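The next block holds one structure in the form of structure tokens; read it before the comments.
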Amino acid sequence: MQGLPVKKSIIFKFGIIIFPLMVSLALLTVACGGAGPQEREIAVKLTAGQLDPGTIKVGQNDTVTLKIEADQPGSIHLHGYDLEQDVESGNITEFVFLADASGRFRIAFHAARVDHHQASGGHHEVVDGEEVDVGFLEVQPR
């Protein structure tokens, strides 16, 4: 009956090695946000040249919809993705994109202004103003 203690000993040693590895793998999966890409809707306010929240955090490959409420007309420019979205004051504008590149990206605003010198026939030309950094997009790798 000496074979029986050897089998229990092997199973015991195997369990001592495998069990902690399984627990570690489970914890690592949870800590790294084991979920796949998500659809994210984020309310954003652009007031006095600043975004609120100032840093928008999403996961890589998330489909992101920024619901932007601006206090003045212009365009939002997402650097690194080279995307732009016009915004109007008093309206909520949806800016939809796939966050496929990870990293930290500047978000800039170009205020629209009326150029009165370009007026012709009672019409004023609207041109983009100077670019101002208003916030950041952080895309965490999955």
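Among the numbered conditions (1) farther than 13 Å from Leu137 by Cα; (2) surrounded by 16 or more Cβ atoms within 10 Å (Cβ to Cβ), the only one that Val64 does not meet is (1). Checking each residue in the range 93-112 for being assigned to a strand (DSSP E or B) and surrounded by 14 or more Cβ atoms within 10 Å (Cβ to Cβ) picks out Thr93, Phe95, Phe97, Ala99, Phe105, Arg106, Ile107, Ala108, Phe109, His110, Ala111, Ala112. Of all the listed residues (Asp115, Asp86), the sole one being at pLDDT 95 or above and outside any loop (DSSP other than H, G, I, E, B) is Asp86.
The values are calculated or read from the model by the stated rules, or taken from the named source; none is laboratory data. Source: prediction; values computed, not measured. FYI the Cβ positions are ideal-geometry reconstructions off the backbone, even for glycines, and counts take in every protein chain you see.
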